[in-house]
Amino acid sequence: MKKVRLLSLLLAVGIGLTYISIGSLGCKGRPSSSGKDSTNTSVTDSGQTTLSPNLPYDVTIAPTDTVLQTQIRADFDLFSWESFIALNWSPDSTEIIGANGDNATVWETWKENAEVFLPDGSKPAPWNAALQQKNKVLVQVGKTPTVLLTDVTQPFLTGPLIDQNGQYTRFEIVMNEKMFDYIDNNVLYNYQGQQKFTDTIAFPSGNNEKKAHGAIMVKASWKIMGKGDDTTRFHKTRATIHVNAIPKQGVKDTTYTALVGLVGLHIGTKSQNNPQWIWSTFEQVDNAPTFNAVKDVHYNFYKAAAGNNNMNNAPAHPWNPSIPGQTPSQIVRLTPIFEGTQALNDAFHKKLIAVNPKTVWQYYELVGTQWPVHAKQSATGDPFPVYMANSTLESYIQGVVREGKISYVPGVTSSCIGCHNGATSWSGRTSDFTYLLRTASAYKQAAGNKKK
């Protein structure tokens, strides 16, 4: 597996000759993320980085990797990048990621949260990846699944993220077939089903020995492309933007189409060795500067002239995404990307550029990976790193700055495992580190229809 010392050597001597072959680094023999046999489309080289459509089952830690801060962290970061590449591969797995600059992605064929938890609590439609690969509709304006951030089931401070053009960022949550099947088969898609379910909720786990994938959920954040945005640096698609009317708040029902660019991708993976899930978070590289390291570039969510007086503060109420030209958020990344993680980012960027110098995927970076160090010793498993934040998804809970120094507050500062450990279903029992079950509605039987 990847080690920091190998990364340093790799970056010093260059990536080397690119060729098409069977995937390496434990990827050999895995089914692709789209379910097709596509091992002959993997792109590998003389180093350790691999571009492959083969989604990893779980992290593989080499016997010689014993140092948590560097070696083991590198193993988890490599898992994150392998997952990112596989999930952003084209559903037509014969096309290498980024070969044409941009491409449709596997994860965008998965079930959206709103397609699983229907307003009337009825049974969702069967899994159909082809049908699910449809026109994108974006309704969420926050990381939680409610439309206007009224949800109280996710405990941390939240709020809309407004880009430099005064537009609200949009969000979506999708799940893979394994996660959907578990919800569907156990009738967890409505309030009554969750009340009747008396077993411990435990989603399927990825397993290297069994070569089985587990439950995976993805949170994505999108910005509407506008003035100052270089669209060649984003994975993008045309989407229908919908705002539901809330008359009491002065919010009007609005629907329009727009070109949107991906700015954040958060991957949660349930695995046998990591029952608290593995949390991998990626961002578009232009989102925000690192604290005290502002560069002379265009940022998506930061303006140098505005300074840091309103840094990482949620917009004041009322929140109304229908109003154009609102005051932009001023976002700064408080925790720098770890140097070993950045070295791995650089290595994968070189590999992606070798496929196509104009690939949009070279403009995405791994911010970090969080996992349980002692998975069986406590409910949270002692997550490492303790805190981790995506600047588009946990914009306002990264930590606090006092007199120029950053501090973190337990129970407030963003921690994926720490937050999701508190998730419960409508029965009040733990829901296996996902808040999605709390978006289920009560089943409303249609008149004259007694069949559930």
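The values are calculated or read from the model by the stated rules, or taken from the named source; none is laboratory data. These numbers come from a predicted model, not from an experiment. Cβ atoms come from the backbone with ideal geometry, glycine included; neighbour counts cover every protein chain shown. Remember, those area values only see protein heavy atoms, side chains included, never the ligands or the DNA or RNA. Shrake-Rupley method; radii C 1.70, N 1.55, O 1.52, S 1.80 Å.
Looking only at residues in the stretch 181-202 that are buried (at least 22 other Cβ atoms within 10 Å of the Cβ) and in contact with a helix residue (DSSP H, G or I) (Cβ under 7 Å, 6 or more places away or on another chain), which one is nearest to PHE79 (Cα to Cα)?
It comes out as ILE183.
Tell me the residue from PRO383, PRO372, PRO328 that is in contact with a helix residue (DSSP H, G or I) (Cβ under 6 Å, 6 or more places away or on another chain) and more than 16 Å from GLN284 (Cα to Cα), please.
PRO383
May I ask you to list pairs of residues, at least six apart or on different chains, whose Cβ atoms are under 9 Å apart, with the first in the stretch 283-296 being under 23 Å from ARG402 (Cα atoms) and the second being basic (Lys, Arg) and surrounded by fewer than 19 Cβ atoms within 10 Å (Cβ to Cβ)?
Going by the 9 Å Cβ cut-off, the qualifying pairs are PRO289/LYS295.
Condition check ((1) within 20 Å of LEU78 (Cα to Cα); (2) modelled with pLDDT of 95 or more) across all residues:
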| site | (1), (2) |
| --- | --- |
| ASN310 | no, no |
| ASN313 | no, no |
| PRO318 | no, no |
| ILE337 | yes, yes |
| ASN345 | yes, yes |
| ASN356 | no, yes |
| GLU365 | yes, yes |
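How many of the residues making up the stretch 303-320 are surrounded by 20 or more Cβ atoms within 10 Å (Cβ to Cβ) and in contact with a Ser or Thr (Cβ under 8 Å, 6 or more places away or on another chain)?
Qualifying residue count, the stretch 303-320: 1.
So in the stretch 403-449, with the set limited to residues that are basic (Lys, Arg) and either under 13 Å from ASN312 (Cβ atoms) or not in a strand (DSSP E or B) (or both), which one is farthest from the chain's Cα centre (by Cα)?
Ranking the qualifying residues of the stretch 403-449, first place goes to LYS444.
Yes/no per residue for (1) at pLDDT 95 or above; (2) on the phi > 0 side of the Ramachandran plot:
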residue: GLY121; (1), (2): yes, yes
residue: VAL139; (1), (2): no, no
residue: VAL147; (1), (2): no, no
residue: PHE156; (1), (2): no, no
residue: ILE183; (1), (2): yes, no
residue: LYS196; (1), (2): yes, no
residue: ALA220; (1), (2): yes, no
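Regarding the stretch 86-101, can at least one residue be identified that is part of a helix (DSSP H, G or I) and at pLDDT 95 or above?
yes
Would you check if there is a residue in the stretch 233-245 being free of Cβ contacts under 8 Å to residues at least 40 places away in the same chain and over 20 Å from the mean Cα position of the chain (by Cα)?
Yes, that holds for at least one residue.
Answer with yes or no whether THR369 is among the β-branched types (Val, Ile, Thr), closer than 27 Å to THR430 by Cα and assigned to a loop (DSSP other than H, G, I, E, B).
For THR369, the condition - among the β-branched types (Val, Ile, Thr), closer than 27 Å to THR430 by Cα and assigned to a loop (DSSP other than H, G, I, E, B) - is not met.
Scan THR66, THR94 and give me the residue that is more than 30 Å from GLU339 (Cα to Cα) and among the hydroxyl-bearing types (Ser, Thr, Tyr). Spell out the reasoning first.
Working: THR66 fails: more than 30 Å from GLU339 (Cα to Cα).
The unique qualifying residue is THR94.
What about TYR387, is it open to solvent by 30 Å² or more (accessible area, probe 1.4 Å), touching a strand residue (DSSP E or B) at 6+ places or on another chain (Cβ under 6 Å) and part of a loop (DSSP other than H, G, I, E, B)? Explain how you work it out, then say what you get.
Details: open to solvent by 30 Å² or more (accessible area, probe 1.4 Å): yes; touching a strand residue (DSSP E or B) at 6+ places or on another chain (Cβ under 6 Å): no; part of a loop (DSSP other than H, G, I, E, B): yes.
No, not satisfied.
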